[in-house]
Amino acid sequence: MPDISLTVVALLCLAALAAGWIDAVVGGGGLLLLPALLLGLPAGTPAAHALGTNKAVAIVGTTGAAVTYARKAPVDVGTAVRIGLAALAGSSGGAFFAAGMSTDVLQPVIMVVLLAVAAFVILRPSFGTAPASGPATRRRKLAAIALAGVGIGFYDGLIGPGTGTFLVLALTGLLHLDLVTASATAKIVNCCTNAGALAMFAWQGAVLWQLAALMAAFNLAGATLGARTALKRGSGFVRVVLLTVVLALVANLAYEQWVA
């Protein structure tokens, strides 16, 4: 592990705790965790080490949240795993094309889409608040595999920020899930994609395992608490957090596009 002060380690652990809570409720914890690592690691540390360590931390919290949700939320694990495997393939394709595509062109488009999503959620108060309407049809499951799996997985490999939030929105709309069940399903999908990415980073030797283990304990605590909070407070609470994360994501992309 690189030479990092105890103060920085403590701040990284607190960031991991908060990111775990956010990610478990509605996705988007990487918006906090990855920048914290990029800022906290010593100058000169390869960016791949921040990315790999981020995945090693996130997969622990994501798995903990998925287990917590699966115990109490009506999750179709089989469908979630199928979407996850499709997302794994999609993210590999996105990563392949990422090197030859400028995100400067794509980020404004993503911001417009996110603002449209925020407007939709605000104007449709009932979105994602109704109880899940039972098993989805085969056609809707295939659509979820194509869009939420391959499509959003491709986006994850190409750009990345907000993937968990996009998954929640897509699963809510396509499978007619309430926001709590959609968040639970998204965690299982995220477990699949994180596992594939972590395997690649570990093979490349780009994971700071000691730091990751410490941060992962805090991320797991935050994720477990976040999942329990979402289950207790219900879809209305998740909706408020969703809007907050969407607007934060727009602000983050705008900053990267025009300020950084």
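Structure summary
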item: Cα shape, the range 176-260, gyration tensor, a/c 1.5 rule; result: oblate
item: Net dipole in debye of the chain [+1 Lys, Arg Cβ; -1 Asp, Glu Cβ; about Cα centre; nearest 20]; result: 980 debye
item: Positive minus negative residues near K141 (Lys, Arg vs Asp, Glu; Cβ under 9 Å); result: +3
item: Label-point separation in nm, W258 to A119, each point 7 Å along Cα→Cβ; result: 1.7 nm
item: Candidate aspartates and glutamates for bridging to K55, where Cα separation is under 17 Å - those fewer than 8 sequence places away on the same chain excluded; result: D23, D156
item: Formal net charge of residues neighbouring T79 (Cβ-Cβ distance under 11 Å; K, R +1; D, E -1); result: +3
item: Crossing angle, helix 179-203 versus the chain [Cα axis fit, 0-90 degrees, rounded to tens]; result: 30 degrees
item: Principal axis box of the range 33-73, alpha-carbon based, largest edge first, Å; result: 44, 13, 9
item: Distance between modelled label sites at L39 and Q204, nm, 7 Å Cα→Cβ extension; result: 2.4 nm
item: Listed residues S235, L88, V57: farthest to the positive end of the dipole of the chain (Cβ charges); result: S235
item: Between 0 and 90°, nearest 10: helix 163-175 axis offset from the chain longest Cα axis; result: 10 degrees
item: Gyration tensor verdict on the range 133-231 (Cα atoms; rounded if a/c is under 1.5, prolate if a/b is larger than b/c, oblate otherwise); result: oblate
item: Carbon/sulfur fraction of accessible area - the chain, other protein chains in place, 1.4 Å, %; result: 70 percent
item: Reduced Cα scattering model of the range 1-105, Debye log10 I(q)/I(0), q = 0.23 Å⁻¹; result: -1.28
item: Peptides 185-198, 213-226 ordered by average Cβ neighbours within 10 Å, highest first; result: 185-198, 213-226
item: K232 versus A10: modelled label distance in nm, points set 7 Å from Cα along the beta carbon direction; result: 2.7 nm
item: Helix 30-40 axis, angle to the chain major axis (alpha carbon atoms, nearest 10°); result: 10 degrees
item: Relative packing of 40-49, 7-16, which averages over residues the other C-beta atoms within 10 Å, highest first; result: 7-16, 40-49
item: Given charges at Cβ of Lys, Arg, Asp, Glu: the range 141-260 dipole, positive-most of L211, T224, A148; result: T224
item: Net charge contributed by nearby residues that have their C-beta within less than 15 Å of V67 (K/R +1, D/E -1); result: +3
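The values are calculated or read from the model by the stated rules, or taken from the named source; none is laboratory data. This structure is a prediction, so every number in the text was calculated from the model and none was measured. FYI the Cβ positions are ideal-geometry reconstructions off the backbone, even for glycines, and counts take in every protein chain you see. The protein model used for the area step is the full one, side chains on, heavy atoms only, and it has no ligands, DNA or RNA in it. Shrake-Rupley method; radii C 1.70, N 1.55, O 1.52, S 1.80 Å.
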